[in-house]
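Reading through the structure tokens given below for one structure.
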Amino acid sequence: MSSVVPSYEGRDPGLQPERTALSWSRTALAIAVNALLVLRSGFVSDQPLLAALGVALFAAAAAAAAYGVVRARELGHEGGVVMPSAWPLLAVAAVVLLAAVGGVASIVVEAGR
Amino acid sequence: MAQPRWRSEGEDPDYRFTLANERTFLAWIRTALALLAGGVLLFEFASTIGPRVLVVVLAVGLAVVAAALGGLSYVRWRANEIAMRHGRALPYSIAVPVLAAVALLGAATIAVMILLG
């Protein structure tokens, strides 16, 4: 745990950074829900690849939650980084594509039975 | 890691706008994930309504729209950020009306299937 006390002097006291960090947490939860669905499909239809994709999506959810914490830290310091790095955002968009592929795969696999 | 070149163009916008843009991006991502979960759940649990083919088409369609929204959300975040850095108006996007149309059509189709089923 960090003992650094965030300083909000000269800034909107905390609410903008807080909403942004919460936004990351909610996104992580939404990824986790989809991970659960893909994982379930993988087990129900006995498809190890689909189950593995579910596990990967869970890891992505954990990463999104962790980045939310990193963002909260960044935004908690005056003069800290404000603009998010472009890569985590690109990664989140890629995760949606991955989840969509998993969703379509789970539908196609089960519909073909 | 190296950042895209457009990030050094123009001037840094007010941090609140940058954060709002980030949250908007995440809101679109969550919308895409919700559509995707809706499609998968529809397929998994709507075994008693409508023709199976229609359910499968709807579910896959929702997943495809989710994938498109996921890609679009990044493109829009980037476009908004660039526009703000140059003090230009935010670019207009047809994503909102298209999403509304998809949601309306999807919900209406499911409602009809439930009523007729």
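Here, each number is a calculation from the coordinates, and none is a lab measurement. Fair warning: this is a prediction, and the values are worked out from it, not measured in the lab. Cβ atoms come from the backbone with ideal geometry, glycine included; neighbour counts cover every protein chain shown.
Things to note:
- Candidates A:Ser23, A:Ser45 - the one that is among the polar types (S, T, N, Q) and under 22 Å from B:Glu22 (Cβ atoms): A:Ser23
- With respect to the conditions (1) surrounded by fewer than 16 Cβ atoms within 10 Å (Cβ to Cβ); (2) closer than 21 Å to A:Leu97 by Cβ, B:Phe43 falls short on a single one, namely (1).
- Taken together, the criteria place A:Ala91 among residues that are within 11 Å of the chain's Cα centre (by Cα) and surrounded by 14 or more Cβ atoms within 10 Å (Cβ to Cβ).
- Verdict on A:Leu75 being more than 7 Å from chain B (Cβ to nearest Cβ) and surrounded by 21 or more Cβ atoms within 10 Å (Cβ to Cβ): yes
Table: residues versus (1) under 18 Å from the mean Cα position of the chain (by Cα); (2) over 16 Å from A:Ala21 (Cα atoms).
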position	(1), (2)
A:Glu74	yes, no
A:Leu97	yes, yes
A:Gly102	yes, yes
A:Arg113	no, yes
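- Among residues of region B:19-67, those that are more than 7 Å from chain A (Cβ to nearest Cβ), of a type outside the set (Val, Ile, Thr), part of a helix (DSSP H, G or I) and in contact (Cβ under 8 Å) with a residue 12 or more places away in the chain, counted: 9
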